[in-house]
Amino acid sequence: MTGQGEHNPESAGRQCVKYSFFKVDPGFRRLSHEKQADLKLELIGTIRSFNRRMLLRAYSLFGLRGDVDFMLWQVAEEVDAFNALASAIFSTSMAPYLQTPYSLLGMTRRSIYDIGLQGAEAEERIIIQPGDGKYLFVYPFVKTRAWYALPFEERQRMMSEHIRVGRKYPQFKLNTIYSFGLDDQEFVVAFEGNSTSAFLDLVMELRDTEASRYTLRDTPTFTCINMTLPQVLDSIGGAQVADEAGPDVESHEGGWLNAIALADLPPGSSTRVYMGSQQIALFNVDGQVYAINNRCPHARGPLCEGRLHINGSGPAVTCPWHKADFDLATGSVIEGPISAPVRTYAVKIEDGHVYVAEQAEVTA
Ligand code: FES
């Protein structure tokens, strides 16, 4: 079983996050519609093949900025996944027509300031869980060095004012990642919401806060519109492929999702796959595969990294963070600091592949 390390509250469970912005070369528009459709469908298939390895969301910026057409929001457990996705994208026939004018890399991390979140809520800060906002407003953020020279209490006082202003706009979900040492900026800020005018008002109010005096850079700013990947590619013009490409979250008949080849999950191993924004932990116990939500209901510990063992009634996994013990078949708590069970998923093996489904959605 992989990764049985102790929970280090300063670093455990963080996620890597990447915003990749693409510009489509005008030469693409000179291609025949048939060729454009072929290239779009190949690109969609290539990007979708990474859906189990990372959380992927597509956004259009077409017509909103001159230098960028669309963006892929990627969340994974290691930066290598982003490297693999970029290699795959630039190995498609669409590659000669794509550029990446901007790319923002970072990781989740708990704030060093008191932002009024405790326990499980604070743990949530290290997990990206996108909402349903129509828009995503993304920008890099750098503080002046003078900010870091201030006493911590002084910075906390200004951050508290900044947070008070932000809380006046609860309709926005804030996803902040840290880029120190990884990329040019210090943070990448991403607000999800449904109103461009409310976001404009929020940013104007934030400019009036004392902390704003210590902003060195917070541009370029990207206003991104959430769409399915085929809709994003159709938004740039040319042949329309959304109907043919179908929805982004593919499903097997009866709601089953092809999660992984059984050969990639040998007996005694565990892994994590993505189903949309959900992380699912898969365990192979002597040929029997179990699927539970990867995030421990106590404080979001990664259960796929837990210790697998046989309890009196069957296989169980121990959360690597605070040692809650879960029955793999039922998700119930055997012992530990919580009583809430972890969610389980239906599993079936067919043609050498492991399929998972929401328990309530299984029809066959
Ligand atoms: S995160 Fe605390 S027991 Fe799992």
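The values are calculated or read from the model by the stated rules, or taken from the named source; none is laboratory data. None of the values given here were measured: they were computed from a predicted structure. Positions of Cβ are generated from backbone atoms using ideal geometry, with glycine treated the same way; all protein chains shown enter the neighbour counts. Heads up: the accessible areas ignore ligands, DNA and RNA and are worked out on the full protein's heavy atoms, side chains in. Shrake-Rupley method; radii C 1.70, N 1.55, O 1.52, S 1.80 Å.
Structure notes:
- Computed on the range 33-79, the Cα convex hull volume stands at 95 Å³ per residue.
- What the chain shows is 46 Å² of accessible area per residue, with the surface traced by a 1.4 Å probe over protein heavy atoms.
- The range 16-245 - Rg over Rh from alpha carbon coordinates, Kirkwood radius: 1.00
- Charging the Cβ of each Asp and Glu at -1 and of each Lys and Arg at +1, and nothing else, the dipole of the range 58-166 about its Cα centre rounds to 380 debye.
- For the range 16-245, the share of accessible area belonging to carbon and sulfur comes to 51 percent (1.4 Å probe, ligands and nucleic acids excluded).
- Figure legend: label point modelled 7 angstrom from the Cα of Ala261 along Cα→Cβ; residues of the range 37-60 with amide N under 19 Å from it are 45-54.
- Contour excess over end-to-end distance, with Cα ends at Lys173 and Leu216 and 0.36 nm allotted per residue: 13.1 nm
- Fully extended contour minus Cα-Cα distance, from Gln129 to Asn194, at 0.36 nm per residue: 21.7 nm
- Fraction of accessible area attributable to carbon and sulfur, the range 303-364 (%, probe 1.4 Å): 50
- Neighbourhood net charge (13 Å Cβ-Cβ; Lys/Arg +1, Asp/Glu -1) for Leu182: -1
- Cross-link pairs beyond the 25 Å C-alpha cut-off, checked among Lys18/Lys40; Lys173/Lys323; Lys35/Lys134; Lys134/Lys348: Lys173/Lys323; Lys35/Lys134; Lys134/Lys348
- Each of Glu154 and Thr223 was given a label point 7 Å from its Cα along the Cα-to-Cβ line. The distance between the two points is 3.7 nm.
- Most mobile listed residue (Glu42, Glu77, Glu154) in the chain, GNM with C-alpha springs under 10 Å: Glu154
- When only alpha carbons are used to place a centre, the range 171-206 and the range 277-347 end up 34 Å from one another.
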